[in-house]
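Single-structure report; data block below.
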Amino acid sequence: MPRQYFVYVLMNRWRTTSYIGVTSNLARRITQHREKVVEGFTKRYHLTMLVYYETFPTAYEAISREKQLKRWSREKKITLIHSTNPDLKDLSDDLAL
């Protein structure tokens with residue numbers, strides 16, 4: 001089975017702050033964010049809701065997309081998220097966590 005890479009966006013429950021990351025195991029990474037096992041931005045701002053993700057066949061493509069999204073304005077990121085998740089539902093409910 002070929003490896004997949006993910007670019008993902010997390011928000012806090014108030015939807016005031018977001019975080020963009022890359023991983024090869026989305027379910028495991030979301031669990032780590034939820035359990036706050038890693039010190040840093042996501043732990044400090046309670047970023048645990050998966051509101052958007054994309055899948056890529058290579059790490060290079062995923063990292064390139066992550067960098068692109070991080071350069072976007074907040075408004076443009078929100079528009080992208082709303083295009084697939086208009087209610088800002090926590091998509092991790094659909095993952096096997």
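Where a number appears in this text, it was derived from the coordinates with a stated rule and is not lab data. All of these numbers come straight from a predicted model, not from anything done at the bench. All Cβ positions, glycine included, derive from the backbone under ideal geometry; neighbour counts span all protein chains shown.
What number, rounded to the nearest 500 deg cm²/dmol, is the helix-based mean residue ellipticity at 222 nm of the chain, given -39500 (n - 2.57) per DSSP H run of at least four residues and division by all its residues? Walk me through the numbers before you get to the answer.
On the way: 4 runs with 38 residues, N = 97.
Roughly -11500 deg cm²/dmol at 222 nm, from the helical runs in the chain.
Can you give me the relative contact order of the chain as a percent, contacts being Cα pairs under 8 Å and 6 or more apart? Don't skip to the answer; put the middle values down first.
Values: 140 pairs, mean separation 33.3, N = 97.
About 34 percent, as a whole number.
Going by how many other Cβ atoms sit within 10 Å of their own, how do Val38, Val22, Val7 line up, fewest first? Write down the numbers at each step before the final one.
Values: Val38 11, Val22 18, Val7 24.
So the residues, fewest neighbours to most, are Val38, Val22, Val7.
Which one, Leu88, Thr16, Thr58, is farthest towards the positive end of the dipole of the chain when Lys and Arg carry +1 and Asp and Glu -1 on their Cβ?
Value computed over the given set: Thr16.
Out of the range 1-91, which GluC sites (Glu not before Pro) are coil in DSSP terms and have no more than 11 other C-beta atoms within 10 Å? Kindly include the intermediate steps, with their values, before the conclusion.
On the way: sites: Glu35, Glu39, Glu54, Glu61, Glu66, Glu75; in loops: Glu39.
Here the sparse-neighbourhood loop sites are Glu39.
In the chain, which trypsin sites (Lys or Arg not before Pro) fall in coil by DSSP and have 13 or fewer other Cβ atoms within 10 Å?
Details: sites: Arg3, Arg13, Arg15, Arg28, Arg29, Arg34, Lys36, Lys43, Arg44, Arg65, Lys67, Lys70, Arg71, Arg74, Lys76, Lys77, Lys89; in loops: Arg3, Arg13, Arg15, Lys36, Lys89.
Filter output for the chain: Arg3, Arg13, Arg15, Lys89.
To make sure I understand, if each residue's beta carbon is the centre and we count other beta carbons within 10 Å, what order do Ile63, Ile30 fall in, fewest to most? List each step's numbers first, then the result.
Working: Ile63 14, Ile30 24.
Listed from fewest to most nearby Cβ atoms, that is Ile63, Ile30.
Largest first and to the nearest Å, give the Cα extent of the chain along each principal axis.
37, 29, 25
Only Lys, Arg, Asp and Glu count, each charged at its Cβ (+1, +1, -1, -1), so figure out the dipole size of the chain about its Cα centre, rounded to 20 debye.
Roughly 360 debye, rounded to the nearest 20.
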